[in-house]
């Protein structure tokens, strides 16, 4: 098991390296001059030159990259061109926000998606199954950002029930924190809930048609015991694995939702940084998101391997 | 949404219980359009930052709602006859937030910091300053390298903001992490892209005029969302709302709106001599530019795009400005005149490439312009660019026509000199006319407003004929607040001054 | 052996079509997609207003007899912009996926077929691409290429490419072990011939399913990029760019945001249902 984990970590390192090269290269391709964008209306040549020097923008690209990589290995992700803050500090500030949003969306998705999936599977081809399916497909098909602005219009502007935007740390003011996160996590959670529901349903259907469930039923065990006690226990593994994968994607997937609800998390920071050509910030955050994604992948694989020892050797 | 605690009352009750009834009574929550950059007046460059400084940092002088320069930390001032030195008398009852006294030495420290801090962005604004000396405990004399009439206006903005010398000495370039000034509010905390909190400074020299205990600035970039927050009570005051929000503000009986024409302009930069892309009929022949300008209905633009809140314009200064040249009022649209000018230039139809920022409002405005000039014979190809790209293309001269906004300055020099003089720092059109240079350079040195205005009038007359910049509109600052807020006065510089503002909820 | 491999396909195909035809859901999906597709194709023939014709006197009018879906910020008829916008949105979905297929499938084929170092290198590269947030990659690519519909499609296509690399690679690895591939190799066919004649046809069904589902996500991605100003450029309409403008007029003209949002919702749903139907029909496990 340990060897398996170590091997996976060893594979993840070059992946992160490639991510960093890709992001770096991509950013350097972007038209526009970061220092000019930063200067805005105050284009003092002396200041521009000093900033170019400070951020090594006059060096060849590969030198800039190597400098950056060297700093990263020393634990320094560089400074934000825009706010003069270390990127590590920015990440430490934003990560809890994004994690809270991702966690709430995930909880939301699991609470809705998994029971709905079980229900749909046990009532296969009934109207309940049909409704669950339509709702799930709707969740998958609705554009997040559109749902977001429609909810703001309805819930905040017309009904005045929830704040339209903003963020409060859970540890400072839990109630307000939940209030502000409710709509965004609902928006993000809909598509997840739909995915989870569909997977739960198909995993459950697979298990329910297996021999030992038929045997259990034949022995006269009550339906609920069979479904929850036996079938779900076996179907839950792929669902948990999938949840871990989805969670990894969530951390980077909240871009537009954060933008619309003005949540000061990763997504908003990154989009702003791309538009402002704040290279170090984009670089640091994408690396962090990619690492998170790989960790969640690893967790999913470990879960799978633990429950499915046959796979350990194959992987 | 039924599965959530859904009534506003229940949520409010929960909120109150959870937070133990905080001192909400006198907290003013202000929605900003952008998150300010580093909070150090010497290093900062954003508009949003200036709004926050208005609460935290007093300046040597301030602006009145009519853009007159009025006392703040300096009680009065006098230029020498040849305008090469400026004497400022200072208040003697001011302390910084950290207890450091404010006096002539503090002013000297601040001006030197602006001039010498490597990170300072104020150097060009104070370029005319030679030396600063204390000619009394509360009097400084500034010797100038050359006469500079715009210096006082610089002191009404960031270059005139006084930070605590003790704090600045200790923090160096990191002052922005914990800004210490002498303004009505002290800096409390900042969470990037989320909020900036300031609290009333008890020892403020004008403390009686400050009726609010605490101000929270919240950056909310989307104006619709900013308005939604104002309507739902999350904000007490929202700055820089969009003209399109006006009907919604008016429809809400609880909201009051303030519209004031800003100091800036929205214009089309014409590439007349910035690189090879200027070698087009529209870049080389002023008649073609005149035709383009004549074909635009500025009043209609203001109505369609700005709900009538923007002033149609044709000069660097808005028509209500004392610097506006009244001999050249904004012309009516004249399609026939435009066609005639084009014919004179030997052109039937002309294809023109026009770049603009990729925001919906800019795009909408340029589509209207496209339709208007099409009737006169211009086939405009619109090219939307992302902000950073457009800026780089414009400064490199890689454009024919470019749509740009300028936020404006209190002194007329700031809105015109650097754009149209040959060596101007932001001269992206490549325009260069010795006569204009002479006029604008001379205008800088004159302390007498009437004589200064004469020179600006002459320069405007030339610019309106040669049109390196086609000015279109002067946008307004639209601010709205709820019924609990009283005493708010809008200023053409878009700042939110908190003297005598009260908040009842 | 080649006979066996090629002879299988038509029978499987007709069986799949049979299953597909009997699935009401799949047909509903096909109908929705077909409806929007026809609308997009027939746009020039329909008796609707010019989607670019502005009218300063009819700005942001609510739906009426003259303008069934209302007018937009420049007084243009929203119905005709919706119809013409269908072209942009559907093209965005289809072209993006075509780009993703055209780039991803060959790379995946190489990785799966040759294995070894090629596979290792390509797999690490794919892992890296998958680990980068989809929308952020697309935003950066679109910003690099410049805002336009075509560039948005390229950006989305390249961002979706790794999914197809990975899928193709996995499928090829499975097919590679089949007897007929061994046989083809034994009779001395070259790599390219084996890949195109024997491997590719056998991995098409899962690619079709994935492509259909990716069209759905690509349409949303195009709308997202347009929402950020990086997609279809004015004055030409796309549903995403219509939403981008509409968000400025939410309280005065909510219909401007309602129609494009609903259209995206239905067409994406159509592709999702169609993808589900195809999956059921083409799934070999249920043969």
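Read the figures in this text as sums done on the coordinates, not as results from a lab. Note that the structure is predicted; figures quoted are calculated from it, not measured. Neighbour counts run over all protein chains shown; Cβ positions are idealised from the backbone, glycine included.
Residue by residue along B:121-132, Cβ atoms of other protein chains within 10 Å of the local Cβ number 2 on average. Considering only the Cα atoms of the range A:192-240, their convex hull presents on average a projected area of 3.2 nm². Considering only C-alpha atoms, what is the centroid distance from the range B:104-166 to the range A:162-237, in Å? The two parts, judged by their Cα centres, are 65 Å apart.
Mind checking which of C:211, C:223, C:49 has the largest fluctuation in a GNM of chain C, springs on alpha carbons under 10 Å? Taking springs between Cα atoms under 10 Å, the residue moving most is C:49.
Dimensions of the range C:208-251 based on its C-alpha atoms, expressed as ranges along the principal axes with the largest first, amount to 40, 22, 14 Å. Each principal axis of the Cα atoms in chain C has its own extent, and those three values, largest first, are 76, 43, 27 angstrom. Equivalent-ellipsoid semi-axes for the range A:82-143 (Cα gyration tensor, √(5λ), whole Å, largest first): 40, 12, 5. For B:407, B:476, the sequence from fewest to most other C-beta atoms within 10 Å is B:407, B:476. From the Cα gyration tensor of the range B:289-366, with a ≥ b ≥ c the square roots of its eigenvalues, which class applies: rounded if a/c is under 1.5, or else prolate if a/b is larger than b/c, or else oblate? It is oblate, given that a/c is not under 1.5 and a/b is not larger than b/c. Helix A:232-253 and the long axis of chain A differ in direction by around 20°, with both axes built from C-alpha atoms.
Partner shielding of B:423-431 amounts to 1, given as the average count of beta-carbon atoms from other chains within 10 Å of each residue beta-carbon.
With all pairs of different C-alpha atoms in the average, the Kirkwood value for the hydrodynamic radius of the range B:106-187 is 13.5 Å.
Structure remark: mean-square fluctuation, Gaussian network model of chain A, C-alpha springs under 10 Å; the largest value among A:192, A:51, A:119 belongs to A:51. In summary, the protein assembly as shown shows an alpha-carbon radius of gyration equal to 1.01 times the 2.2 N^0.38 Å reference for compact globular proteins. Annotation: the antiparallel percentage among DSSP beta bridges lying fully within the range B:242-401 is about 10.
Beta bridges assigned by DSSP with both partners in the protein assembly as shown are antiparallel in approximately 75 percent of cases. Inter-label distance, residue B:451 to residue C:62: 6.3 nm, where each label sits 7 Å from its Cα along the C-beta direction.
Quick one: helix A:45-54 against the long Cα principal axis of chain A, what's the angle to the nearest 10°, folded into 0 to 90? Helix A:45-54 sits roughly 50 degrees off the main axis of chain A. Here the residues C:19, A:124, A:219, ranked from fewest to most Cβ neighbours within 10 Å of their Cβ, fall in the order A:219, A:124, C:19.
Cβ-Cβ distance of residue A:209 and residue A:237, R₀ of 22 Å, FRET efficiency by 1/(1 + (r/R0)^6): the value works out to about 0.80. Calculated over chain B, the projected area of the Cα convex hull averaged across directions stands at 25.5 nm². DSSP beta bridges fully contained in chain B are about 75 percent antiparallel.
Shape class for the range B:177-323: prolate, because the ratio a/c of the largest to smallest gyration tensor axis (alpha-carbon atoms, square roots of eigenvalues) is 1.5 or more and a/b beats b/c. Evaluated at q = 0.18, 0.20, 0.26, 0.29 Å⁻¹, the base-10 log of the normalised Debye intensity for the range A:67-117, with identical point scatterers placed on the Cα atoms, takes the values -0.67, -0.73, -0.94, -1.00. Panel values: the range B:265-474, Kirkwood radius from alpha carbon pairs, Stokes-Einstein at 4 °C and 1.567 mPa s, translational diffusion coefficient 75 µm²/s.
The distance separating the Cα centre of the range A:75-140 from that of the range B:259-311 comes to 47 Å.
Let me know the shape class of the range B:61-168, please: from the alpha-carbon gyration tensor, a ≥ b ≥ c as square roots of the eigenvalues, rounded when a/c is under 1.5, otherwise prolate if a/b is greater than b/c, or oblate. Cα axes put the range B:61-168 in the rounded bin.
D by Stokes-Einstein for the range A:95-314, Kirkwood Rh over Cα pairs, 4 °C, 1.567 mPa s: 68 µm²/s.
Computed from Cα positions, the angle between helix A:279-307 and the longest principal axis of chain A comes to roughly 20 degrees.
Per residue, the convex hull spanned by the Cα atoms of the range A:130-225 amounts to 154 cubic angstrom. Per residue of peptide C:180-193, the mean number of Cβ atoms on other chains within 10 Å of the residue Cβ is 0. On the beta carbon distance between residue B:127 and residue B:26, with R0 = 41 Å, the FRET formula returns roughly 0.45.
When the inverse distances between all different Cα atoms of the range C:1-150 are averaged and flipped, the Kirkwood radius reads 20.3 angstrom. When chain C is treated as a GNM with alpha-carbon contacts under 10 Å, the residue of C:268, C:192, C:28 showing the greatest mean-square fluctuation is C:192. Scoring B:139-146, B:369-376 by mean Cβ neighbours within 10 Å over their residues and listing the highest first yields B:369-376, B:139-146. Ranked by how many other Cβ atoms sit within 10 Å of their own Cβ, fewest first, the residues A:278, B:213 fall in the order B:213, A:278.
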